[in-house]
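Report on the structure given below.
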Amino acid sequence: MSGSARRSTLPRTAESPSRLTPLRIMPAPRTRPPVLTETESWSPGDVGSTRYVQDALAIDFDLWSDDQLFGERPTRRDDLPDPRVWAGHIAQGLVEVMAGARPAPQVLRWTTPEVYAAVARRAAVSARRGALPTRRTIVRGVRVCEPADGVAEASAVVVDGGRVRALAFRLVGLDGRWRVEALQVG
């Protein structure tokens with residue numbers, strides 16, 4: 001495209017067709033709220049409430065402990081995935097970790113610290129033996145019972161190489177996901 005064929009969409013002044021209009025600098029608007037007087041309350045309809053303190057956060061953190069503010073939150077059953085399907089997946093993962101076919105940190109997010117320690121300890125024993133499983137772990141059956149909202153107790157039959165194992169574990173809904181709280185391996 002030649003220079004004469006190109007059209008500019010920039011504004012031009014009447015005096016000089018080739019010059020641009022200069023920018024006009026405006027002050028930024030005030031974004032802070034106005035200062036309240038001593039007699040004003042922070043909530044307009046509540047005369048006897050706590051006084052508003054300018055530029056201070058109106059939350060009292062001394063009422064709750066750190067665990068209450070930032071700890072794990074229980075999750076209702078309606079907000080969790082199907083426990084039967086999830087129990088089958090976690091059973092397979094736990095047995096593979098204990099057999100040494102999968103790294104232990106993969107189940108860290110899905111277990112409590114006590115369960116993770118037990119699973120990691122069994123994985124370390126399997127690693128010392130040095131024999132990796134030749135076949136993949138197969139979950140043969142899963143049964144789930146839900147005794148309370150956000151709690152599921154599951155049992156699984158797992159074929160691990162040439163061995164058949166039984167797993168029993170308790171799932172608790174925390175922070176929007178199932179978490180293994182107790183584990184028994186047979």
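The values are calculated or read from the model by the stated rules, or taken from the named source; none is laboratory data. Remember, predicted model here, so these are calculated numbers, not experimental data. Keep in mind that these areas ignore ligands, DNA and RNA; they rest on the heavy atoms of the full protein, side chains included. Shrake-Rupley method; radii C 1.70, N 1.55, O 1.52, S 1.80 Å.
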Exercise. Within the accessible area of region 61-102, what % is carbon and sulfur when the probe is 1.4 Å and the other protein chains stay in place?
Worked result: 49
Exercise. Using heavy-atom solvent-accessible surface (probe 1.4 Å) with all chains present, what is the largest-first order of Asp67, Asp175?
Worked result: Asp67, Asp175
Exercise. What shape does region 63-178 take by its C-alpha gyration tensor, where a ≥ b ≥ c are the square roots of the eigenvalues and a/c under 1.5 counts as rounded, a/b above b/c as prolate, and the rest as oblate?
Worked result: oblate
Seminar exercise, completed: Which residues qualify? For Thr111, with a placed amide H closer than 5 Å and at least 5 residues away or on another chain, they are Val180
Exercise. In region 114-186, what percent of the accessible surface is made up of carbon and sulfur (1.4 Å probe, ligands and nucleic acids excluded)?
Worked result: 51
